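Participant: Before I ask anything, here is the structure I am working with.
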Amino acid sequence: MPKLKIRKVKNRSSTSATVRTMTTVERSVVRDDIPCYSGLCKKCKSLGHSSSVLSGKKKPCYCIPTYLFIERQTPFLSFPTSTDVIFLSSLLDRDLKETKPTLYRKMTENIKNTSKRCVVFPDLNCSKVVENEMIIKSVFPDNLSTVPIMVGKRRESEEVITPDKCGSSQDNSNNSPSRYRDIFLPVCRSLCAVAWFYSYHIAQPLSLVILCENEEEETVVNEVLATIPPLSGPETSLHPDVDIIAINIHDSKALVQLDGIYPQFSSASIASIVPPEVPKGSRLRRRRKVKSSKSKKADEEGEVSEYEYEEEFISHGNVEEHDERTGFFPYIMPQLSESLVKSSSSPDGAFSSKCLKGLYKTDQYSFSLGEAVCGTAGVRVSICGRVCRNRALEGDTVVIEILDIIGAISSHTGKSRQDVTFSDCHEYVGKCVNFERSRNVNYDNYYSLLSVVAYEDVSMAIKERNRPNGETLKLYGRVLGVISRQERHLCGSFLLPFPKIPVINPSTLDSTDESTETGSSLKAVSRRLTFSPVSRSYPRVTVFSSSPGLVAGKRCVTSIDDWPVTSMNPQGHLVSVIGFIGDPVVESEVLMREEGVRSFPLNTPNFLRWLPEMPWKVSSEEEARRLDLRSARIVCSVDPPGCQDIDDALHCKSMSLSECEAALDERGGEWSENIPKWTARKDVLQDKTKVETDKEEEEEESTFEFDEEIDTTAEFLKKVGYTDGDIVEIGVHIADVTHFVPPHSDVDIEAQKRSTTVYLVEKRVDMLPSLLTTDLCSLRGGVDRYAFSVIWLMNKHNGSILHTTWCKTIIRSAAALSYGVADSMIKDLSNNEPITLGLRGLMNMSRILRKQRMENGALSLSSPAVKFELHPETKLPLSSKPYPKHDTNSLIEEFMLLGNVSVAEKLRKEFPTHALLRRHPPPKETHMKRTVGLMQKIGITINPANNKTLSGSLDAVKDAKIAIPSISSDVERPLSIDECVRTLVTRCMSLAVYFASGTLTEDAHFHYGLCCPLYTHFTSPIRRYADIIVHRLLALAIGNQETYKGRFVCDVCEGDLPEEISNTQKQQKIADNMNDRTFAASQCERGSVTVNTVLMHMLRFPDMTSVAEGVIVRVDKRFIVALIPKFGIEARIKLDGKQAHGKGSSTEIVEEIEGVCVSWNNLKGEKTTVHLFDPVKVKTCYDYTKPYDFCLMFALVSPSPPLCAPIIEPPPKSLQLPVWIVQKKEGEKE
C-alpha cells in the first residue's frame, strides 16, 4: 500500500492595504507512487505502472510549459511536432479550466491525441515534487509585500497576473515590473521541482526544457536552476547527462542552438507558427504589405509578412476604411452593438433600430452567399458577396445594417422607388457579386455593394419591401461586426501545389527523409499551406507550416484563430491528423465529425450498469401486467435484408363477432368516434339496420338507438350490419425500448444527445447500446420480447377503423422476413401457411389504405436511393445499383403511418399542450415557384395551391402532353418523366420537424406531405429518441405509470407529468435538438454514399472510370446536371472548358429556352441540342488530379459533347494506389 500524507496549504495573507486577505485552506492527498509516464523509466515499471506515454527513445526531450506559454502559444503546442509535453495539473486542470475554458478544451484535445505524447502531471499530489518545492522555497522565499497573488497557482477569488498587467512605472510598488518576478516565483518553484523530479527519477540521459513566454519568466527560471542546492543520496542523485534549461520562445539565438537537435524546436516551424511577443497594452494583428513586384513575388512564395500593432476595432462602421485589396472593413466596437441593435421586435414585426443582430448562415451552394436570421420575428436578411459578408462565418452572431438597394437602383436607372421590382434587385445584386469575383474591389463603382448606403432605420426597410404590385422584396445587408464566434474544428485536407506534385502517393508521405524524391519535393513546398474544409460553409484557411509532409495526402483537423482585415482567408492552426484521404474509416470519421455525430462505443460501465443481466427472460410481474400474444396471434416482421435492429412487427387475423367481443373484453380500448357515420354510409353490406336520427344529435353523440336492448359487443356489431369475416384485427407491435431505458439514466441522456441512429454504407452508429439494439429490443424470430402495441378492428372492405387499443404486450415473432422473401411468399398462391395468409391480409388492407390516402391528397414523392455490395472482410464497395423496391415496402409503410397517426391523435387528446408531434410545413414558395415555371415551359402543369391539387397534378404527369417533342418521345430512360418531375418537386419541400404541441396553434400541426392533421413518430424507438418520448407519453395516456416508477428514477403521482413533458420549453428544446441531429444524420448518410461511390471508382485502378446512364435534371449555358440512379448522385457536367484548358471556348453554346434546352456544335461540327429530362451517358472517373478533394470528375459521352468541353484524360503511369488500399487488397487475397 502506498504511503498517504495529508498536506495543508494555506494562502498567504498580505499586509498591504490594497490587497484582500486570503484565508482559503486547500487539502491535497500526497502520494509516493505517482508514475512519471516516461518510456525510459525503470522505477515505474517495477512498481507496476506499464502505461508509458512520453517518448522512450535515446535521450529524449521533454517540455514543461508555463501558464502564459499555454495561454499564448496554442499554435505551437497544437503543432504535430510539438510532442512530449508535460503539463502541470495545477496550471491546466485548475487555473486554465476556470479562466479560459475554450483554451482548456483545446489543450485537452491535444493531450488525448496519442501521437502528441502529452501528459498531465499531478504536481500537487506527488510527495517528491512537494519536497523539492520546499527545498527550493528555502532558498527563494516569497516576498510577502509584493506577492499577494500568484500566477498559475490560482486559488478561489484570485486573479491571474500577466506582465502587461504590471504597468510600466519604475518604482517598487504593486504596479512595478519587478512585481511580476515575485508573482511568478511560486509557479517557477513548481516547474523547477517537477523538472528536478524527472531528472533524478528517470536517472538516464534526458533533456528537460521549461518553455517560457517572455524574458522575465526565462530569467527567473534560470536563476532558480542555477542556485538550487545539490542533492545527495541514491534516490536523488542526478545523472551526469541530464540537461535542464529554460528557453524563451521568442529568443531566436537560443532557438538556433536547439534547431536540428530536437524536433520540437525547428526554427522554421517556430517562425511560422509562433506569433511575436505582444507589447504591453497592444493587440496582435497581422498586416500584409505587397507593393513592389519583388515583394509580391516573395509573398507568393510564402514568406511570412511583417507584423504590426494597431487597434482591432473602430468606433463606427464606415466602409470607406476598407482594405484596398480585400474590401473588408474593421468591425465596430462591441460596446456599440447594444446601442445600435434592439434584439426584440414588436408583434407586427417592425423594428426601430439602425442595425439588427442575427445568426449568420452560409448558403449551401456558394460560400459568398448567406443570410442572417434576425430578431424574434425571424426576419431574414440576405448577405451577398464576400465584402458584405465581411469575414463572418457559419453560426456567428453578427451585427448587420440594411442596404438601400432600392435607392441605388433608382438613382442609377431613373426609376422611382415604387417602380423597383424584385427582379431589378435580384439582377443588380447578382451583377455586384460577379463584379467582386472578376476584379479588385472598387469603392466608387456602381456595381459595388460598398457604394450602397444603409438605411438609417430598419423599420423603413421593412415597410418599403412591400411593393404596390404585391411583391415582397428581399432585405440585403452588410455585416458590421461579429458579436460572438461559433468555435468549431474543421475537417478537410491541404492543397498541395499542382502540377509541381501531380500525383500524390500516400504510401510515401510518412517519410521525412530528404533523400526520397517525394520527401525532397515536399520539403521545398512553401510554408504557407492552404487548407480546404470538407464543409462548403467555410472558406479555405491559411495555415503556416514548414512540414507539409506530415499532412500531405491526409485528412486533417484545423481550427480558425483569426481573420484579419488584410487577409482574403482566415488563419488557423493544425489540430490533428485523422488519416489517409479515401480510407473508408477516415472518411466516415470526417463525415461524423463534420456533423457532430457522437460515435464513441456505448459499452462502458456507466452505460452497462443500467442494462439487465444476461441471460434475460420475461419476468412474472410483466406477464401479469401485459397482454400475452405469444400463442394468440401469429406475428412477423418484414425488414431490409440483414437488418439486426428490428423494431416493428405486425399481425393480421380475420375475426368473427364473438372473437371481437372476447378480444375487446380482454384488452379494452376506444371505439372510433366516426363509427356511426361510416356504418351508415356503408354500401358493401346488405340488410343493415338504418336508424333515423337528428343530425345535431348524431354529431354530439356517437351512438345508435335501437328498439331492443343490446348487451354484448357482438350484438352491437351485428345490429350495425357486420357479420363474421367482415372485420379484421391488425396489430402493429413496436419494441418496448422504454422498459430498458429509464428516464434520466446515463443511457437515456446519451440517447437524447444522439437522438437518432446514423446509417452509413459500411456501418451503423447506434443511438442505444448494442445489447438493446440487436438483442433485447430487436423483435427477432422465435424469441419472447416486450412490445408496445396498437391493435385495430377494421372494416375488411373499406379500411375504416372500428376500434383501437393501445397496450403493452408480450410477443413472439414467428419469422423475421426480408422485403423480397415476404413479397415472394405473398405472390406464391400455392403457399397457404398461416403466416402467408396473414401477409396477404395485410397487403390487401395496405392497398385500401394507400388508395384512400392518395385520394385525400397525400403526396407520393421520389428521391434516388442506392444499394452497395461490400466485400465481407474489408467492407470496401464492389458495386452499386438502385435500391430494389417491392410491394412489401409499401405494406410496411402504410401500417407504420397508420400507427403513428393513431398515437398522435391519442396524445393530442390526452395532452393538448404537451404532446410531442411532427409537422410538415408547406413547400418553400420561391423554390416551388421556380419549378412550376420550368414545368410550364415544357407543357406540364403543376398546381401547388394545396397538397391535394399538387398530388393530382403529379398524378397527371404521365398523361400530360409535353410541348417539346423530343421530351415526349418514347425514349428509354433510367428514370421516367413522372419520376423526374417528382424528384424536382421533392427538392422544393420543407423539412418535417418535431415540436411540442403547446408551442403552435392547432392549424400549424398539419402534416403537408401525408395530408393528415396530426402525426408523430412511434414505430422506431430503437433508432429514434422521439419515439422513446412518445412511448412514455402514451404509457401515461393509457394509465401505465410504470415507466416513471420504481427503478425508473422518478416517482410520479397519478395525473402528474414529469418535468421534461410538463415543461413545454424544455420539451421544445429537446425537439430542436432532435431536428438538428436528424438533419445531421441524413447529411452523413448522403455523404457516405458519395464517399463509397468515389472509392468504388478508385478501386478500379488503373482505369478508375465507368460509363453510366443518367437523366438531365438541370440545364444551363455553362453546365448540365444529370441524375445517375446507379450511383445515387448528381453529375455536374461542364460544357465550357476554358477553365480546364486555360483558353477560350472554340464553340458557342446557346441556351435556346432558359432552363429547358441548350445547343452547341459537337466534335463533328454538327448541331446538338439537349433538353430537360433527356437521357445521357456520362463518363465518371476518380479525380486523380485533386487527391485532396477525393471526388469524381464527369464528362459527357452521349450525345456528343461540345468541342470546348473538358475531357477525362487517362491517369499517368506513375500513379500508384495508396498504401492502405494495397494492404486491404492483400487481405482480400489471403
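The values are calculated or read from the model by the stated rules, or taken from the named source; none is laboratory data. Since we're looking at a predicted model, the values are computed, not measured. Methodologically, a virtual Cβ is constructed for each residue, glycine included, from the backbone with ideal geometry; neighbour enumeration extends over all protein chains shown. These area figures cover heavy atoms from the full protein model, side chains too; ligands, DNA and RNA do not enter into them. Shrake-Rupley method; radii C 1.70, N 1.55, O 1.52, S 1.80 Å.
Participant: Could you check the spin-label model distance between Glu1154 and Val821? Points 7 Å from the Cα along Cα→Cβ, value in nm.
Facilitator: 5.6 nm
Participant: Return, ordered by residue number, the residues of region 202-224 whose backbone nitrogen is under 20 Å from a label point located 7 Å along Cα→Cβ of Asp251.
Facilitator: Within reach of a label on Asp251, which here means backbone N under 20 Å from a point 7 Å along Cα→Cβ, region 202-224 contributes 206-224.
Participant: Scan around Ile578 for amide H atoms under 5 Å from its own, H built in the peptide plane at 1.01 Å from N, and keep only partners 5 or more places away or cross-chain.
Facilitator: Arg555, Cys556, Val557
Participant: Heavy atoms only, probe 1.4 Å: what % of the accessible area of region 733-798 goes to carbon and sulfur, would you let me know? Working shown, then result.
Facilitator: On the way: 720 of 1580 Å².
After summing per-atom areas, the C and S share lands at 46 percent.
Participant: While we're looking at this one, here's another question. For Ala945 and Glu613, what is the calculated FRET efficiency with R₀ set at 60 Å and r taken between the beta-carbons, to the nearest 0.05?
Facilitator: Details: r = 59 Å, r/R0 = 0.99.
That pair, Ala945 with Glu613, gives E of 0.50.
Participant: Now for a different question. Identify the residues of region 1118-1138 with backbone N under 20 Å of a label point that sits 7 angstrom from the Cα of Ser976 along the Cα-to-Cβ direction, or state none.
Facilitator: Hits in region 1118-1138 for Ser976 at 20 Å: 1123-1126.
Participant: Between region 443-485 and region 198-229, what's the alpha-carbon centroid distance in Å?
Facilitator: With region 443-485 and region 198-229 each reduced to a Cα centre, they are spaced 60 Å.
Participant: Further question: Can you tell me the FRET efficiency between Asp746 and His871 if r is taken as the Cβ-Cβ distance and R0 is 35 Å, rounded to the nearest 0.05? Each step should come with its number before you reach the end.
Facilitator: On the way: r = 36 Å, r/R0 = 1.03.
Once rounded, the FRET efficiency stands at 0.45.
Participant: Here's a follow-up. By the scheme Lys and Arg +1, Asp and Glu -1, what is the net charge of all other residues having a beta-carbon under 12 Å from that of Met845?
Facilitator: Details: positive: Lys653, Lys796, Arg840, Arg847, Arg850, Lys851; negative: Glu729, Glu894.
Once positives and negatives cancel, what remains is +4.
Participant: Let me ask another. Which entries in Lys909/Lys1069; Lys948/Lys1117; Lys97/Lys753; Lys112/Lys554; Lys431/Lys1179 show an alpha-carbon gap greater than 26 Å? Could you put the intermediate results ahead of the total?
Facilitator: Values: Lys909/Lys1069 22 Å; Lys948/Lys1117 35 Å; Lys97/Lys753 24 Å; Lys112/Lys554 19 Å; Lys431/Lys1179 34 Å.
Going by Cα-Cα distance, Lys948/Lys1117; Lys431/Lys1179 fall outside the 26 Å limit.
Participant: Arrange the peptides 781-793, 904-916 so that the one whose residues have, on average, the most other Cβ atoms within 10 Å appears first.
Facilitator: 781-793, 904-916
Participant: Note down the net charge around Asp1116, summing +1 for each Lys or Arg and -1 for each Asp or Glu among other residues with Cβ under 12 Å from its Cβ.
Facilitator: Details: positive: Arg1114, Lys1117, Arg1118, Arg1132, Lys1134; negative: Asp1136, Glu1151, Glu1154.
So the surrounding residues net to +2.
Participant: Net charge near Pro539: determine it from the other residues with C-beta under 12 Å of the C-beta of Pro539, scoring Lys and Arg +1 and Asp and Glu -1.
Facilitator: Working: positive: Arg386, Arg389, Arg391, Arg536, Arg540; negative: Glu394.
Spelling it out: positives minus negatives among the neighbours equals +4.
Participant: Tell me, in nm to one decimal, what length is gained between Ser416 and Leu103 on full extension, where the rule is 0.36 nm per residue of separation less the Cα-Cα distance? Don't jump to the answer; show the numbers that get you there.
Facilitator: Values: separation 313, 0.36 × 313 = 112.68 nm, distance 5.43 nm.
This chain segment gains 107.3 nm when fully extended.
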